[in-house]
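Engineer: One structure, pasted below without further comment.
The values are calculated or read from the model by the stated rules, or taken from the named source; none is laboratory data. As the structure is a prediction and not an experimental result, all values here were calculated from the model. Heads up, the Cβs are rebuilt from the backbone with ideal geometry, glycines too, and the neighbour counts pull from every protein chain shown. Note: accessible area is taken over every heavy atom of the protein model, side chains too, but ligands, DNA and RNA are not part of it. Shrake-Rupley method; radii C 1.70, N 1.55, O 1.52, S 1.80 Å.
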Amino acid sequence: MTFHEKLMQLRREHGWSQEQLAEQLGVTRQTVSKWELGSTTPEMNKLLEMSRIFGISIDELTGNTAFSAKPQETAAVPERKPLLRQLTFEYKSKRMIGRLPLVHIHIGLLPKVAKGVFAIGNVAIGGCALGLVSAGVLSLGLLAVGVLVLGALAAGVLSFGGISAGILAVGGVALGVFAVGGVACGVYALGGCAIASQIAFGGYASAPVAIGDAAEGMHTFLVNDAPVTYEAVEAAIEQSCPHTPGFVKRLLEGLV
C-alpha cells in the first residue's frame, strides 16, 4: 500500500476529516488533500508527527515495511500525545448560520474552543454558550460573559453568579444598577450588606434612603427600633429619589 493510500485509510479509521487532521498537523486542508492524491509528499517533520498521531512507525506509514526490523515493538510503544487527542470529542453541524455552524461541540482534556450558534466546549463562544469559559447571548460557565449570564464569575445585562456584575445582578457579591446579594452595591441594592446611590435595604444599609437593622443615609429607617411604614419610606423616596422605578417601590412595599 502506498503512502497516500495508507494516509487516507488511517485518517478514515480515526473518523477525522481532512480539515481535522490538517489542524493537528498545523497545515491546510488542501495540503492534506494533495498528500492523499499522491501529488505531493510531506516533509520528514510532518511524517514524524503523523507517526506519533497514528501510533505507527514511519516505515509502516510510508509502506516501507520490508525495512522495519521490529514493527510490533514500534507499534506497541504508547505515546501520551495521541492518547490526549483521542480523549477529545468534536461535532460540528453542516448547517451554517452566517459563518457559524448551528451546533459546535468541542470538549477534551486539553483546552478546546467551540464556536457556534449553540456552542459547548472547554471555551464556548456563540449565541447560546456552555463551557468552563463562555461568552454568548445566553452564557453559562465558571467564567461567563453575555446578556443573560449564569456563572461563578458572571458579567452581563442579567447576571447571576457567585460574583456578579450587570444591570440586574444577583449573587454572593453583586454589582449593578439593581443589585441583590450577600454584599450588594448599585443604584438600588438589597442584601446582607447593601450600599447604593439611591435606595438600600439590608442588614446594613447605606444610601440616601436606607432601610435596615443598621442604616446610614439622609433618610434612615431602623427596622429593629420601631415599626417602619411604607408610607414613610415612600415619602422619603419622593423627596430624595423621585425617579425610582415603580417595580422597586412595589418591592419595597412588600418588604417593609
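Engineer: Report, ordered by the first and then the second residue, all pairs with beta carbons closer than 8 Å, sequence separation of six or more or different chains, a first member in region 31-57 that is under 13 Å from F3 (Cβ atoms), and a second member that is open to solvent by 50 Å² or more (accessible area, probe 1.4 Å) and of a type in the set (K, R).
Structural biologist: Here the result reads T40/K34, each pair linking region 31-57 to a residue that is open to solvent by 50 Å² or more (accessible area, probe 1.4 Å) and of a type in the set (K, R).
Engineer: When residues of region 168-202 are filtered for being touching a helix residue (DSSP H, G or I) at 6+ places or on another chain (Cβ under 6 Å) and over 23 Å from N224 (Cα atoms), how many remain?
Structural biologist: Total meeting the criteria: 0.
Engineer: Being touching a residue at least 60 places away in the same chain (Cβ under 8 Å), open to solvent by 40 Å² or more (accessible area, probe 1.4 Å) and either in contact with a strand residue (DSSP E or B) (Cβ under 9 Å, 6 or more places away or on another chain) or over 23 Å from Y91 (Cβ atoms) (or both), is that true of even one residue in region 4-18?
Structural biologist: No, that holds for no residue.
Engineer: Among the residues of region 110-150, how many are open to solvent by 10 Å² or more (accessible area, probe 1.4 Å) and in a strand (DSSP E or B)? First the steps, then the outcome.
Structural biologist: Step one: list which residues in region 110-150 are open to solvent by 10 Å² or more (accessible area, probe 1.4 Å), which gives 110-113, 115, 117-118, 120, 122-123, 125-128, 130-133, 135-138, 140-143, 145-148, 150.
Filter once more, so that each one left must be in a strand (DSSP E or B): 113, 115, 117-118, 120, 122-123, 125-128, 130-133, 135-138, 140-143, 145-148, 150.
Number satisfying all stated conditions: 28.
Engineer: Can you pull out every residue in region 239-256 that is more than 36 Å from the chain's Cα centre (by Cα), surrounded by 11 or more Cβ atoms within 10 Å (Cβ to Cβ) and either without any contact (Cβ under 8 Å) to a residue 12 or more places away in the chain or over 15 Å from P208 (Cα atoms) (or both)? Quick ask: steps written out before the conclusion?
Structural biologist: Initial filter on region 239-256 (more than 36 Å from the chain's Cα centre (by Cα)): 239-243, 253-254, 256.
Checking which are surrounded by 11 or more Cβ atoms within 10 Å (Cβ to Cβ) leaves us with 239-241, 253, 256.
E253, V256 - these are the residues of region 239-256 that are more than 36 Å from the chain's Cα centre (by Cα), surrounded by 11 or more Cβ atoms within 10 Å (Cβ to Cβ) and either without any contact (Cβ under 8 Å) to a residue 12 or more places away in the chain or over 15 Å from P208 (Cα atoms) (or both).
Engineer: Same structure, new question: For A236, are the conditions met, namely being open to solvent by less than 20 Å² (accessible area, probe 1.4 Å), part of a helix (DSSP H, G or I) and at pLDDT 90 or above?
Structural biologist: Details: open to solvent by less than 20 Å² (accessible area, probe 1.4 Å): yes; part of a helix (DSSP H, G or I): yes; at pLDDT 90 or above: yes.
So A236 passes the test.
Engineer: For residues that are over 16 Å from T220 (Cα atoms) and outside any helix (DSSP H, G or I), tally how many sit in region 239-256.
Structural biologist: 4
Engineer: To continue, here is another question. What is the number of the single condition among (1) over 15 Å from L252 (Cβ atoms); (2) open to solvent by 40 Å² or more (accessible area, probe 1.4 Å); (3) more than 33 Å from the chain's Cα centre (by Cα) that I195 does not meet?
Structural biologist: Here I195 meets the rest and fails (3).
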